[in-house]
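Peer 1: Dropping a structure here in structure tokens format, bear with me for questions.
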Amino acid sequence: MEIQSYTMNFGPQHPAAHGVLRLVLEMEGEVVQRADPHVGLLHRATEKLAESKPFNQSIGYMDRLDYVSMMCNEHAYVRAIETLMGIEVPIRAQYIRTMYDEITRILNHLMWIGSNGLDLGAMAIFLYAFREREELIDCYEAVSGSRMHATYYRPGGVYRDLPDTMPKYRESPWRNAKELKRLNANREGSLLDFIESFTQEFPKRVDEYETLLTDNRIWKQRTVNIGVVSPELALAWGMTGCMLRGSGVEWDLRKKQPYAAYDRVDFDIPVGVNGDCYDRYLVRVAEMRESNRIIKQCVDWLRANPGPVMVDNYKVAPPSRTEMKNDMEALIHHFKLFSEGYSVPAGEVYCAVEAPKGEFGAYLVSDGANKPFRLKLRPPGFAHLSSMDAVVRGHMLSDVVAMIGTYDIVFGEVDR
Amino acid sequence: MSEAIASLAERLVAHFQDRVRVTEAVGQVTLETGHEHWLDVARVLRDEFGFEQLVDLCGVDYLGYGAGEWDVSDVSSGGFSRGVEGTGPGRFRWEDRPESVNQPRRFAVVAQLLSVSRNARLRIRCFAPDDELPMVPSLTGIWPGVNWFEREAFDLYGVVFEGHPDLRRLLTDYGFIGHPFRKDFPLIGNVEVRYDPDKGRVVYEPVTSVQPRVGVPRVLREDARYSTASAEQAQRRAGQG
């Protein structure tokens, strides 16, 4: 009897599908003949919701797109508004954004290395990665009060300056005094002290990940020469970020079209050679080290240069509480800003940032109103996932899992 | 950088002549062309201008462009507009959706191009000639990566891409009716789903559980601008000093 090709459903509830991906695979034995990803199960119409709200009220939605690289999404959106309005953001805010973008990048890559490890059978790495994620999430909490959905970037700067204290672990029945002292050791000073101590520790931690994976035979068997993406293919399918750099194309918006304070800090762009899953792993690990370098430089600059973190213009930034209580004009501005918002001049703009997963862009059309006329968010994962069929054809089923992992898919941004 | 952009705009005009309209604002170049030239122009942009990557493509519905819900310029003896009613995004239900006026240039397709080799960006736009059945040629033959972006624009705006190999819905539910991002589609949707214990299956019914409610009216202001406020701010600061 001859065995015909058969169709298989992968997901939408599957631990290796990274969320709600339904992948319809046409198989011949173990070999994939055609892959048809069905997406949209997490579609929340973010762009349509944004059309019904004043500009500032949509910043929080951006966190919920790619929910493991929150502040980078906000960055693209606020940059689009700032470009259209012609806002000059204070330099200190630019450095804070640069620092938090890189913290976000490490957060994202840690999540990626952990979950991709789980997908491919490396259990321990997940625990290591989440140990460091916890510390960085605390940095989010310290600055915005929220551990994930920060809404920290605002058109004109950032919501507030960096705090002088770090949140500390409290005493509890399952933590004795000695343990508590160890946990709080680097939390006695300001947020910048804490971040600095993290940057000193972090390279050693990355070494630990590398001892677990880089020369691991099983890891290499699962990733070397799997999902090879040629530079031509990567460009034709709109791939950006690590997917493009893993194939040897040296393209990074932070260097080529710098924004925030990226033209003032020193860092390198790691690129791959073969364009396989293993090279992309190496690129992401190297990127974590580079991000660490950038954070260190930002910490040094931020220590030495106090200053405003928000533009001094009441059309986009709220007046201080004292000013609001004493000045009629300031009160009116406060009221108008939080009820009606501000009107953005008519026009259109596309602003992109180098998010951890690739180019995250915001295309904004304004007709002069206090709400966007049209907002299109360009998620990197959407373009990556669309190339699934072109990349995995002819691979084994288990390599599809490796490929989903290496795409670094998050459905919050693919489905929007 | 701005010099480079000026020269890009000039080179585009010199090459395409009157087939395109090139505009430049906030340091970004936009090229607009008719649907009959859409494919030719795109091919030349990729092959001769080095735009090897299409980063993004989306549909835009220009219905109601420039219309506010709150008249802020005119106060008469009869009072002034309160902005509590309106037909802006999110403020109507399916039965009350605004009539589709026959707007000649309602649907557009906008793509963002990127040249990795020359480090340049360009935005290209094409209006669909017919707003009853908006049709634009598909770019899949030029940039294969546009496939899903066109499927999305078809799904959300109903723009039909001629020559697309696989024009299915992408983001909405299987069997969804309507194009949800059109300006005359309500924010609360047209149907809601629930599990019917009597029928023993999930049923679709007209929306009743949510009301169209948007608190802030859509306001177009000419005077309350960031740039004018900057001047005021500077004046005030000088006064204080």
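The values are calculated or read from the model by the stated rules, or taken from the named source; none is laboratory data. Since we're looking at a predicted model, the values are computed, not measured. Heads up, the Cβs are rebuilt from the backbone with ideal geometry, glycines too, and the neighbour counts pull from every protein chain shown. For the accessible areas, the whole protein counts, side chains as well, though only heavy atoms, and no ligand, DNA or RNA atoms are used. Shrake-Rupley method; radii C 1.70, N 1.55, O 1.52, S 1.80 Å.
Peer 1: Pairs of alpha-carbon atoms within less than 8 angstrom and 6+ residues apart define the contacts here; what relative contact order does the stretch A:241-310 have, in percent?
Peer 2: 33
Peer 1: Take peptide A:343-352, look around each residue's Cβ out to 10 angstrom, count Cβ atoms belonging to other protein chains, and average those counts.
Peer 2: 6
Peer 1: Moving to a separate point now. Shape verdict for the stretch A:114-238, please, from the Cα gyration tensor: rounded (a/c under 1.5), prolate (a/b greater than b/c) or oblate.
Peer 2: Oblate shape, in that a/c is at least 1.5 and b/c is the bigger or equal ratio.
Peer 1: Under a plain spin-label model, where a point goes 7 Å from the Cα along Cα-to-Cβ, how far apart in nm are B:Val191 and A:Asp312?
Peer 2: 5.8
Peer 1: In the structure displayed, which of A:Lys53/A:Lys357; A:Lys178/A:Lys220; A:Lys181/A:Lys204; A:Lys296/A:Lys325; A:Lys256/A:Lys376 lie more than 31 Å apart, Cα to Cα?
Peer 2: Going by Cα-Cα distance, A:Lys178/A:Lys220; A:Lys296/A:Lys325 fall outside the 31 Å limit.
Peer 1: Once you average over the residues of A:36-45, how many Cβ atoms of partner chains fall within 10 Å of each Cβ?
Peer 2: That works out to 4 on average.
Peer 1: In peptide A:379-391, what is the residue-averaged number of other protein chain Cβ atoms found within 10 Å of each Cβ?
Peer 2: Partner Cβ neighbours, averaged per residue: 3.
Peer 1: Separate question: Give the cross-link partners of A:Lys255 among the aspartates and glutamates, using a straight C-alpha distance below 16 Å as the criterion and excluding same-chain residues fewer than 8 apart.
Peer 2: A:Asp101, A:Glu102, A:Asp263, A:Asp266, A:Asp268, A:Glu287, A:Glu290, A:Glu354, A:Glu359
Peer 1: Mind checking the stretch A:1-51 for GluC sites (Glu not before Pro) that DSSP puts in a loop (not H, G, I, E or B) and that have at most 13 other Cβ atoms within 10 Å?
Peer 2: The qualifying sites are A:Glu2, A:Glu30.
Peer 1: What value, in deg cm²/dmol to 500, does the helix sum -39500 (n - 2.57) over DSSP H runs of n ≥ 4 give at 222 nm once divided by the residues of chain A?
Peer 2: That comes out to -15000 deg cm²/dmol.
Peer 1: May I pose another question? Hey, rough spin-label estimate for A:Asn184 and B:Leu133, points 7 angstrom out along Cα→Cβ, what's it come to in nanometres?
Peer 2: Label-label distance for A:Asn184 and B:Leu133, simple model: 7.2 nm.
Peer 1: How do the peptides B:14-23, A:307-316 rank, highest first, by the average count of neighbouring beta carbon atoms within 10 Å per residue?
Peer 2: Answer by packing, highest mean first, reads A:307-316, B:14-23.
Peer 1: Still on this structure, I have one more. Can you give the Kirkwood hydrodynamic radius for chain A, in Å, rounded to one decimal and based on Cα pairs?
Peer 2: Answer for chain A: a Kirkwood hydrodynamic radius of 22.6 Å.
Peer 1: Between the DSSP loop rule and a limit of at most 15 other Cβ atoms within 10 Å, which trypsin sites (Lys or Arg not before Pro) in the stretch A:1-72 are left?
Peer 2: A:Arg44
Peer 1: If I compute solvent accessible area with a 1.4 Å probe over the protein chains, what percent of it on the stretch A:55-341 is carbon and sulfur?
Peer 2: 53
Peer 1: Find the sum over both chains of the accessible area lost when B and A are paired, probe 1.4 Å, and report it in Å² to the nearest 100.
Peer 2: Interface area, both chains combined: 5800 Å², rounded to the nearest 100.
Peer 1: Any idea how far the Cα center of the stretch B:1-69 sits from the one of the stretch B:149-207, in Å?
Peer 2: The two parts, judged by their Cα centres, are 30 Å apart.
Peer 1: Moving to a separate point now. Taking only the Cα atoms of the stretch A:21-108, how large is their convex hull per residue, in Å³?
Peer 2: Looking at the stretch A:21-108, the number lands at 135 Å³ per residue.
Peer 1: Check A:Ala355: other-chain or 5+ apart residues with amide H under 5 Å from its amide H, H built from backbone geometry?
Peer 2: Under 5 Å from the amide H of A:Ala355 lie the amide H atoms of A:Phe360, each far enough along the sequence or on another chain.
Peer 1: Taking R0 as 30 Å, what FRET efficiency do you get between A:Ile332 and B:Ala67 from their Cβ-Cβ distance, rounded to the nearest 0.05?
Peer 2: 0.70
Peer 1: Suppose the chain between A:Ala124 and A:Met148 were pulled fully straight at 0.36 nm per residue; how much longer would it get relative to their current alpha carbon spacing?
Peer 2: That pair, A:Ala124 and A:Met148, stretches by 6.3 nm at full extension.
Peer 1: Given the C-alpha centroids of the stretch A:276-297 and the stretch A:111-171, what is the distance between them in whole angstrom?
Peer 2: Here the answer is 17 Å between Cα centres.
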